[in-house]
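One structure below.
The values are calculated or read from the model by the stated rules, or taken from the named source; none is laboratory data. Because the structure is predicted, anything quoted here is derived from the model rather than measured. When we count neighbours, we look across all protein chains shown, and the Cβ atoms used for this are built from the backbone with ideal geometry, even at glycine. Ligands, DNA and RNA are stripped out before the accessible areas are found, and what is left, the full protein with its side chains, is counted by its heavy atoms. Shrake-Rupley method; radii C 1.70, N 1.55, O 1.52, S 1.80 Å.
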Amino acid sequence: MKQLLYALFGYRFIYLGMSTRNLGRLKIGIARNVGLRWESIDRSMKGKQFPVFCLPTFHALWFEGHLHRVMRRFNRPVEGDGGTEFFTYLSPFSWLGWIYVLCAMTWAFLISHLLLYLLFSGIWCWYWEIEFLEFQKGIVEMVRGWM
């Protein structure tokens, strides 16, 4: 199933990461496995590199390119694997860009996964001939019972 999502929909993680050697910069990147990607980055650079924030999203390659274009004027490359994807956060004007990046990442995650949920629950309700809104109310009640 994962391979199908990777191939058809570009499903990957968009992540932000930091480096102790390159303070004042964050890396914007994509990976299927964020842990393995950061191990590779860590081996190729001095200091310690680590992910800060990541979310799965669809069409991640396009989305990463879009975020790089938004932050282009704040690009501060470093040496090492993925070093061209580091952007400063020390410039006062960069904060508008970083707010956009975080909101866009969160929005892409929420919308894409909400649409998937609605699609699959709609198919489920159609197949079992269940009223869609009643099914959703039942899910909400079930979740309330867990809390």
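Only residues in segment 128-147 that are closer than 14 Å to Y117 by Cα count as the first member; pair them with residues that are part of a helix (DSSP H, G or I) and open to solvent by less than 90 Å² (accessible area, probe 1.4 Å), Cβ under 8 angstrom, at least 6 apart or cross-chain, and list the lot.
So the pair list comes out as F132/S121; F132/G122; F132/C125; F135/S121; F135/C125; Q136/S121; I139/S121.
Quick one: which residue in L55, L61 is modelled with pLDDT of 90 or more, in a helix (DSSP H, G or I) and of a type in the set (A, V, I, L, M, F, W, C)?
Numbers: L55 fails: in a helix (DSSP H, G or I).
Only one candidate passes the filter, namely L61.
Do you know which residues across segment 1-15 are modelled with pLDDT of 90 or more and open to solvent by 50 Å² or more (accessible area, probe 1.4 Å)?
R12, F13
Quick check on A108: is it without any contact (Cβ under 8 Å) to a residue 60 or more places away in the chain and of a type in the set (G, A, S)?
Values: without any contact (Cβ under 8 Å) to a residue 60 or more places away in the chain: no; of a type in the set (G, A, S): yes.
Spelling it out, it is not the case that A108 is without any contact (Cβ under 8 Å) to a residue 60 or more places away in the chain and of a type in the set (G, A, S).
Of all residues being assigned to a helix (DSSP H, G or I) and among the hydrophobic types (A, V, I, L, M, F, W, C) in segment 70-85, which is least open to solvent (accessible area, probe 1.4 Å)? Just the residue, please.
First pass over segment 70-85, keeping only residues assigned to a helix (DSSP H, G or I): 70, 72-74, 83-85.
Now restrict to residues that are among the hydrophobic types (A, V, I, L, M, F, W, C): 70, 74.
Values: V70: 53, F74: 22 Å².
Only one residue fits best here, namely F74.
Restricted to segment 16-46, and to residues that are in a strand (DSSP E or B) and among the β-branched types (V, I, T), which residue is surrounded by the most Cβ atoms within 10 Å (Cβ to Cβ)?
Taking segment 16-46 as the starting set, the residues that turn out to be in a strand (DSSP E or B) are 16-19, 25-31.
The next check asks that each one be among the β-branched types (V, I, T); those that pass are 28, 30.
Values: I28: 23, I30: 21.
Here the residue is I28.
Within segment 118-127, track down each residue that is of a type in the set (S, T, Y) and either open to solvent by 90 Å² or more (accessible area, probe 1.4 Å) or touching a residue at least 40 places away in the same chain (Cβ under 8 Å) (or both). I'd like the intermediate steps shown before the answer.
First, the residues of segment 118-127 that are of a type in the set (S, T, Y): 121, 127.
Within segment 118-127, just Y127 meets the criteria.
For E39, only one of the following conditions fails: (1) under 28 Å from F9 (Cβ atoms); (2) at pLDDT 95 or above. What is its number?
The one condition E39 does not meet is (2).
When only residues in segment 47-65 that are touching a helix residue (DSSP H, G or I) at 6+ places or on another chain (Cβ under 8 Å) and farther than 11 Å from I14 by Cα count, which is most open to solvent (accessible area, probe 1.4 Å)?
My answer is K48.
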